[in-house]
Amino acid sequence: MKKIILISTLIVFTTLLNANMYTSLYSDHKSFSIGDILTVQIQEQSKATASSQSKTGRSMDHNANMNPGQGPLNFLPLTGMSGGSNSNFKGDANTTRDASLSSKMTVRIIDIDEAGNLMIEGKRIVTINGEDEITTLSGIVRPQDVSADNTVSSQHIADSKISYKGKGAVNEGSRVGLISRIFNFMF
């Protein structure tokens, strides 16, 4: 009888520990469906710096001398030529980019892949004084990265695409005009 109980216990235990269930038996397992809503904490910062230097130089001298003609070529005068060129170039370039985005938005689960990962997508439009601030977000979230209050950090979103754009009079006023762009292109 003890052998049967021991074998039954081992079978139940190994069934619970199959390849798809390595999470704790005591944790809160959530099931997600297409159309469910999650809240994303967006905390993104990026900083990039690049610099470049180049220096080239070239110098050339040319000389050619010719003696006066002799014999039947005596009509040729004494001639000589010399020439030279000098070319130098020095270039420096620096660029620095620093960006930060902090926001909170809700997204919708639009699909669930074979591994159980959640495909999310969302758009948020905030209008202040006639200016639209448009935030869009899409990516893939693992279910275990979603906290108990249905929030996920933007750092835990795979293949994330986060966009923040402005639309309105202030945005239009900050753009370079057509004539200025043409002059900048030509000169």
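Nothing in this text is a laboratory measurement; each read-out follows from the coordinates by a stated rule. Treat the numbers as computed from the prediction; the structure is a model and nothing was measured. Note that each Cβ is placed from the backbone with ideal geometry, even for glycine, and that neighbours are counted across all protein chains shown.
Quick look at the values:
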quantity: Gain in span if fully extended, LYS3 to LYS161, counting 0.36 nm per residue against the direct Cα distance; calculated: 51.2 nm
quantity: FRET efficiency, ARG108 to ALA148 (Cβ-Cβ, R0 22 Å, nearest 0.05); calculated: 0.65
quantity: Sparse-neighbourhood loop sites, trypsin sites (Lys or Arg not before Pro) in segment 27-57 - DSSP loop, at most 16 other Cβ within 10 angstrom; calculated: LYS30
quantity: Set of aspartates and glutamates with alpha-carbon distance to LYS161 below 17 Å, sequence-local pairs under 8 removed; calculated: GLU44, ASP111, GLU121, GLU133
quantity: Ranking of GLU121, GLU114 by count of other Cβ atoms within 10 Å, fewest first; calculated: GLU114, GLU121
